[in-house]
Amino acid sequence: MAVAGALCAFAALPSTAADVQVYGVIDTSLSFVSSDADVAGHDRVNTFSMENGRNSASRFGIKGSEDLGNGMKVGFVLESGFKSDDGQFDQTGKLFGREAHVDLTGPFGKVSAGVLPLFGSTLGADGLFRAIDPLFANYTKAFGSSCISASSWTRVDNAISYVTPTVAGFTGYAMYSFKNDSSKGGVEGHGGESDRYASLAARYKAGALEAVLVADTTMYGTYRTGTAASKDDGWTVTFGGNYTFDGGVKVLAFTQFFGDQELPAFRGGVGTDGIMAVTGDKGYGFVDGYGVSLGVNVPAMGGVAKAQVAYRDMDNKDNVDFKRVIAALGYDYALSKRTAVYAMTGWSQEKVENGTTEAKPNGYEFTTGIVHRF
């Protein structure tokens, strides 16, 4: 009812009020995942299921803009995530949990405020990780660039951002969130009680070359206690880019360094059971380390073939060491301007050592699906 009401309200707007569009993506796939914890008492688990958004998360949105004159425009984006396999809302049930912001653009650049995608993601208009992510497989379990980095690849609430005009190929970016997740503890803007987020980034684009640099920090709130607390703020620095050769072959690479970065247990993917067993159900916790990735996109048979190899080395505050390697392949084929089919497969292994116990949880995944954009 809430969604229907919102759509009806926007449909009733006078045509002269603003340029308003309804848009969306539906991505549904079939996926086979095999996971081996490599720990006594844990059998290999095989799952065959229908999944949502393995390639591009399903969503619908409303966006619009109004020309204010003198080169200035005001615009908005309201975007809701949903699960195409069962119809439920994504982003913990929020109506516009993917994006909800107002933008002011002009000769000075762009200022946005609201629920904003991070520059360190492939989301929204300013997700700079599109320049370095070869497979766009960050919703898979066995592989993907999010598996070998420590970035959250998501969005933050209560945020304001600024994007500069592009000068000589360079564009600058800045973001600050007063409370990056409204569902968590602490009072926004009150003595550092809540988790806050800040980021600076830059992009250079000239001809066949694109390069990005993204630095961010999470300032953990004082509401945290026990193992959820950290005396130091988390941070990541990511540098990478891509180069497109004659013939359309694109090489993509990045490296990331990070420290005191909180990494949730589910990011272990196919290795989660083994990671939890070795760490005494604590998971990753706060981690320090680095990750590297090399990928390629190759035009083939009317579509695009993709490949990636990557490695991550890190340890946490309990002196548990994690070393992960992934290898993946993919293929996208456009049936039309708005519809495409895809297939992906990949394998990952994470060597986990705590000084007395060692395990190598691993697994693989085969996924094929269809994406339609409207």
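The values are calculated or read from the model by the stated rules, or taken from the named source; none is laboratory data. Because the structure is a prediction, the values reported are computed rather than measured. Backbone-built Cβ (ideal geometry, glycine too); neighbour counts: all protein chains shown. For the accessible areas, the whole protein counts, side chains as well, though only heavy atoms, and no ligand, DNA or RNA atoms are used. Shrake-Rupley method; radii C 1.70, N 1.55, O 1.52, S 1.80 Å.
Work out, in µm²/s and without decimals, the Stokes-Einstein translational diffusion coefficient of segment 252-374 at 37 °C, 0.692 mPa s, Rh from Kirkwood over C-alpha pairs. For the chosen part, D equals 204 µm²/s. Shown are M50, M219, whose ranking by accessible area with a 1.4 Å probe and every protein chain present, most to least, is M50, M219. Note on T357 and T222: with the Förster distance fixed at 30 Å, the Cβ-Cβ geometry gives a FRET efficiency of about 0.30.
Would you work out if segment 87-161 is rounded, prolate or oblate? Take a ≥ b ≥ c from the square roots of the eigenvalues of the alpha-carbon gyration tensor; rounded if a/c is under 1.5, else prolate when a/b is larger than b/c, oblate otherwise. Please list the in-between numbers first.
Details: a/c = 2.56, a/b = 1.37, b/c = 1.88.
Verdict is oblate for segment 87-161.
Rounded to the nearest 0.05, what FRET efficiency do M72 and L95 give with R0 = 22 Å and r taken as the Cβ-Cβ distance? Could you check? The calculated FRET efficiency here is 0.15. Please list, by residue number, everything in segment 273-303 whose backbone N is under 19 Å from a paramagnetic label point 7 Å out along Cα→Cβ of K231. Under 19 Å, as judged by backbone N against the label point of K231, lie 285-289 of segment 273-303.
Seen against the Cα atoms of the chain and their longest principal axis, helix 2-11 is set at about 30 degrees.
Take the Cα of R130, step 7 Å toward its Cβ, do the same at F374, and the gap between the two points is 2.2 nm.
In the chain, helical runs assigned H by DSSP with n ≥ 4 each contribute -39500 (n - 2.57); averaged across all residues and rounded to the nearest 500, the mean residue ellipticity at 222 nm is -1500 deg cm²/dmol.
Each label point was placed 7 Å from the Cα along the Cα-to-Cβ direction; for V251 and V102 their separation is 4.7 nm. Peptide packing: for 87-96, 272-281, 118-127, 292-301, the average count of neighbouring Cβ atoms within 10 Å per residue gives the ranking 118-127, 272-281, 292-301, 87-96, highest mean first. The loop-placed trypsin sites (Lys or Arg not before Pro) in segment 298-374, going by DSSP, that have at most 10 neighbouring Cβ atoms within 10 Å of their Cβ come out as K337. Within the accessible surface of the chain, defined with a 1.4 Å probe on protein heavy atoms only, the carbon and sulfur portion equals 60 percent. The residues of segment 70-155 have, on average, 35 Å² of accessible surface per residue, using a 1.4 Å probe with all protein chains present.
Overall dimensions of segment 150-268, expressed as equivalent-ellipsoid semi-axes from the Cα gyration tensor (√(5λ), whole Å, largest first), are 32, 17, 10.
Classified by the C-alpha gyration tensor, segment 29-176 has a prolate form. Its axis ratio a/c, with a ≥ b ≥ c, is 1.5 or above, and a/b is larger than b/c. Checking the cross-link pairs K94/K306; K179/K337; K141/K317; K141/K337; K231/K351; K94/K351 against a 31 Å limit on the alpha carbon distance flags K94/K306; K179/K337; K94/K351 as lying beyond it. Summarising the label geometry, the points placed 7 Å from Cα in the beta-carbon direction at V341 and M50 lie 1.8 nm from one another.
Once the C-beta distance of F32 and A113 is scaled by a Förster radius of 45 Å, the resulting FRET efficiency is 0.60 to the nearest 0.05.
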